[in-house]
Amino acid sequence: MKKIILIALLAIFATSVSAQKVVYGPVTSSEIILKQNPLTEISRYTTTTIYVGKTVTETIQFETVDLNNYFNPEEADWNATEISEEEERLLNEKGVVLCDTLVFGKKFVGWYRVTKDKKTEKNDLVDKPKSSNNKQNIHKI
């Protein structure tokens, strides 16, 4: 089940067979953001593909989480406690998944809030018309 979720999340980066002509890409960029209060690391990967007539930008983001923010910290240190199936289901509903995967050379192991986004914008690129045979008809007289 966990592998299926991760495969589905990573599938946004797969290039699908499309009738659209790819002009440029896909190109992936990455950034790491450190936030304070609470200390959090966010790894964001953005893939952009430019087609004739549209530009598609897909983003997947992995944010470290403190499980004590989701459950009562007075009951236990949830980061060091085994999570039951019911607790995992509650975390999954909030976008928090247990990861053990490799994304663009970086290994993600542990609990992460995983979000993904896909935006499509129109662009002014047009497909070149197929070149026609420009030979002139020359008649001998």
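Here are a few things to note about the model shown:
- For Phe13, the conditions (1) within 27 Å of Lys122 (Cα to Cα); (2) at pLDDT 90 or above; (3) touching an Asp or Glu at 6+ places or on another chain (Cβ under 8 Å) are fulfilled apart from (2).
- Residue within segment 72-93 that is at pLDDT 95 or above, in contact with a strand residue (DSSP E or B) (Cβ under 8 Å, 6 or more places away or on another chain) and of a type outside the set (D, E, K, R) present: yes
- Within segment 64-85, tally of residues that are of a type in the set (Ser, Thr, Tyr), without any contact (Cβ under 8 Å) to a residue 40 or more places away in the chain and closer than 26 Å to Tyr45 by Cα: 1
- Remark: pairs (first residue in segment 86-105, within 19 Å of Asp117 (Cβ to Cβ) and free of Cβ contacts under 8 Å to residues at least 40 places away in the same chain; second residue in a strand (DSSP E or B) and of a type in the set (A, V, I, L, M, F, W, C); Cβ separation under 8 Å; 6+ apart in sequence or on different chains) = Gly95/Val114; Val96/Trp111; Val96/Val114.
The values are calculated or read from the model by the stated rules, or taken from the named source; none is laboratory data. No experiment lies behind these values; they were computed from the predicted model shown. Using ideal geometry, Cβ is built from the backbone for each residue, glycine included, and neighbour counts are taken over all protein chains shown.
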